[in-house]
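So the structure is just underneath, and the comments pick up after that.
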């Protein structure tokens with residue numbers, strides 16, 4: 001299981017490598033470039049599934065969100 005994901009902000013395109021929680025989905029993320037508060041796109045369980053380079057650990061492990 002991968003725990004590192006690079007989140008790319010859809011507003012300013014700033015990319016930041018982050019460590020994902022392994023036991024929960026992360027619903028909000030504040031961009032370190034422009035400060036925009038990101039939330040999951042419709043149908044996604046977390047910001048990593050919407051904007052990350054790697055889906056969240058629960059999706060990686062069993063294909064379902066938290």
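Brief remarks on what is shown
- Potential lengthening of the chain between residue 61 and residue 12 amounts to 14.6 nm, from the contour at 0.36 nm per residue minus the alpha-carbon distance.
- Largest GNM mean-square fluctuation among 50, 17, 42, using the chain with Cα springs under 10 Å: 42.
- Treating each Cα of the chain as one equal point scatterer and applying the Debye formula with no solvent, the log10 of I(q)/I(0) at q = 0.29 Å⁻¹ comes out as -1.34.
- Going from the fewest other Cβ atoms within 10 Å to the most, the residues 54, 47, 11 appear in the order 11, 54, 47.
- Candidates 46, 12, 31, ranked by Gaussian network fluctuation over the chain, Cα under 10 Å, top entry: 12
Every number in this text was worked out from the coordinates using simple rules, so none of it is lab data. None of these values were measured; they are calculated from a predicted model. Ideal geometry is used to build each Cβ from the backbone, glycine not excepted, and the neighbour counts take in all protein chains shown.
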